[in-house]
Amino acid sequence: MEHIILDGKLLSRKIKNGIKESISNFAVKPGLAVIEVGSDPASEVYVRNKEEACNYVGIRWEKIKMPENTQPEQIFAEIDRLNRDPGTNGILVQFPLPISLKSLEEKVIYAIDPKKDVDGFHPYNVGQYVSCKGSTCKNLLLPCTPYGIVRLLEEYRIPIAGKYAVIVGRSNLSGKPVSLLLLNHDATVTICHSKTLNIADYTKQADILIVAVGKPNFIDESFIKTGVVVVDVGINLTDSGFVGDVNFDRVKDKVTAITPVPGGVGPMTIAILLENVLKAFFLQGNH
Ligand code: GUN
């Protein structure tokens with residue numbers, strides 16, 4: 001079957017160019033602050049990509065790098081400073097935190113001013129998109145990866161309303177929020193996870209299959225029906241480089257459309273982050 005590649009790199013470039021154009025007319029430039037605690041190699045790559053993207057579109061960038069042995073109070077003091085700083089419009093604490101601080105992640109999310117929460121993780125923002133209706137939903141600070149997926153489907157005119165969407169993975173970062181956003185777009189949604197019995201029974205029915213489990217090549221042709229649209233959220237470092245959660249070569253002849261890894265969901269996450277910085281800038285009364 002001839003398949004469409006859902007090119008996140010291309011769409012993200014288009015979105016970034018739109019943002020760059022808007023910002024070029026602003027007297028005051030929006031600002032993003034990123035806190036990175038410790039030196040997780042994958043996080044360092046993500047943070048560098050975010051920095052490059054900010055530089056490209058003209059968003060001011062502040063990186064606060066803290067050592068692995070940072071005390072919790074120091075992290076909260078920094079968040080507090082950034083919450084008060086009118087020049088900081090977006091605050092992002094890169095996850096995961098180091099093992100010794102991992103239990104703080106929820107508190108960190110709560111500590112960020114919801115108007116500056118460009119990750120869309122704060123319960124205030126989560127509550128907003130859980131209870132929003134219709135076109136107002138898109139004005140909210142939506143979580144970057146889940147909303148990036150929706151935007152990619154929309155760009156390629158993939159119908160969502162009335163379709164059966166199966167999400168594999170229930171993380172707070174991807175699986176849970178993307179299921180809610182697809183529900184808001186009138187999909188019929190099932191979430192499968194590590195305790196689901198016979199995952200393939202569900203995935204084989206899916207019109208849209210979103211996979212976010214963090215296991216290389218978890219999904220092959222035996223999990224899907226012919227004609228499905230597949231979105232692969234996984235980025236797993238293996239001996240043969242970065243691979244997704246979906247075995248691309250084994251499913252590609254059965255799918256209507258599929259995201260590549262890399263170049264699919266990853267660049268969309270960053271494009272939506274930049275959009276969120278702009279939304280946050282306006283939410284804080286700038287124009
Ligand atoms: N780690 C991996 N993805 C993300 C993300 O979207 N936001 C934050 N804060 N940390 C992450």
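The values are calculated or read from the model by the stated rules, or taken from the named source; none is laboratory data. Here the structure is a predicted model, which is why all the values come from computation and not from measurement. Ideal geometry is used to build each Cβ from the backbone, glycine not excepted, and the neighbour counts take in all protein chains shown. What goes into the accessible areas is simple: the full protein's heavy atoms, side chains included, and nothing from ligands, DNA or RNA. Shrake-Rupley method; radii C 1.70, N 1.55, O 1.52, S 1.80 Å.
Scan the range 119-136 and give yes if some residue there is among the acidic types (Asp, Glu), touching a residue at least 60 places away in the same chain (Cβ under 8 Å), in contact with a Phe, Trp or Tyr (Cβ under 9 Å, 6 or more places away or on another chain) and open to solvent by less than 60 Å² (accessible area, probe 1.4 Å), otherwise no.
Scanning the range 119-136, I find at least one residue that is among the acidic types (Asp, Glu), touching a residue at least 60 places away in the same chain (Cβ under 8 Å), in contact with a Phe, Trp or Tyr (Cβ under 9 Å, 6 or more places away or on another chain) and open to solvent by less than 60 Å² (accessible area, probe 1.4 Å), so the answer is yes.
So which residues in the range 263-280 are under 14 Å from the mean Cα position of the chain (by Cα) and not β-branched (Val, Ile, Thr)?
Selection gives GLY263, GLY264, GLY266, PRO267, MET268, ALA271, LEU273, LEU274, GLU275, ASN276.
Please go through the range 251-287 and give me each residue that is open to solvent by 10 Å² or more (accessible area, probe 1.4 Å), over 24 Å from PHE121 (Cα atoms) and of a type in the set (A, V, I, L, M), ordered by number.
VAL261
Please go through the range 74-100 and give me each residue that is touching a residue at least 60 places away in the same chain (Cβ under 8 Å), under 22 Å from ARG48 (Cα atoms) and either out of contact with any Pro (no Cβ under 8 Å at 6 or more places or on another chain) or within 15 Å of the ligand (Cβ to nearest atom) (or both), ordered by number.
Matches in the range 74-100: GLY90, LEU92, GLN94, PHE95, LEU97, PRO98.
Output the residues belonging to the range 112-162 that are of a type in the set (Asp, Glu) and within 20 Å of ASN89 (Cβ to Cβ).
Hits for the range 112-162 are ASP113, ASP117, ASP119.
Does any residue of the range 25-36 turn out to be within 16 Å of the ligand (Cβ to nearest atom), part of a loop (DSSP other than H, G, I, E, B), among the aliphatic types (A, V, I, L, M) and touching a Gly at 6+ places or on another chain (Cβ under 9 Å)?
No, that holds for no residue.
List every residue pair whose Cβ atoms lie under 7 Å apart, where the two residues are 6 or more positions apart in sequence or sit on different chains, the first residue falls within the range 182-193 and is more than 12 Å from ILE167 (Cβ to Cβ), and the second residue, located anywhere, is open to solvent by 60 Å² or more (accessible area, probe 1.4 Å) and assigned to a loop (DSSP other than H, G, I, E, B).
From the range 182-193, the pairs are HIS185/ALA161; ASP186/ALA161; ASP186/GLY162.
So which pairs qualify, if the first residue must be in the range 34-56 and at negative phi and touching a residue at least 40 places away in the same chain (Cβ under 8 Å), the second must be assigned to a loop (DSSP other than H, G, I, E, B) and within 11 Å of the ligand (Cβ to nearest atom), the Cβ gap must be under 7 Å, and the two must be at least 6 apart or on different chains?
Filtered contacts from the range 34-56: VAL34/GLN94; ILE35/GLN94; GLU36/GLN94; VAL37/LEU97; ASP40/PRO96; SER43/GLN94; TYR46/GLN94; VAL47/GLN94.
Open to solvent by 60 Å² or more (accessible area, probe 1.4 Å), more than 16 Å from the ligand (Cβ to nearest atom), within 24 Å of THR145 (Cβ to Cβ) and among the aromatic types (Phe, Trp, Tyr): does that describe TYR56?
Yes: the conditions hold for TYR56.
Go through (1) within 13 Å of the ligand (Cβ to nearest atom); (2) touching a Phe, Trp or Tyr at 6+ places or on another chain (Cβ under 6 Å) for PRO114 and report which single condition fails.
All conditions are met except number (1).
Could you list all residues from the range 36-63 that are touching a helix residue (DSSP H, G or I) at 6+ places or on another chain (Cβ under 6 Å) and of a type in the set (Val, Ile, Thr)?
Within the range 36-63, VAL57, ILE59 qualify.
How many residues are within 16 Å of the ligand (Cβ to nearest atom), among the aliphatic types (A, V, I, L, M) and touching a Gly at 6+ places or on another chain (Cβ under 6 Å) if we restrict to the range 129-187?
Total meeting the criteria: 3.
Mind telling me which of the residues PHE242, PHE223, PHE248 ends up being within 17 Å of TYR46 (Cβ to Cβ), open to solvent by 10 Å² or more (accessible area, probe 1.4 Å), aromatic (Phe, Trp, Tyr) and out of contact with any Phe, Trp or Tyr (no Cβ under 6 Å at 6 or more places or on another chain)?
Checking each option against the conditions leaves just PHE242.
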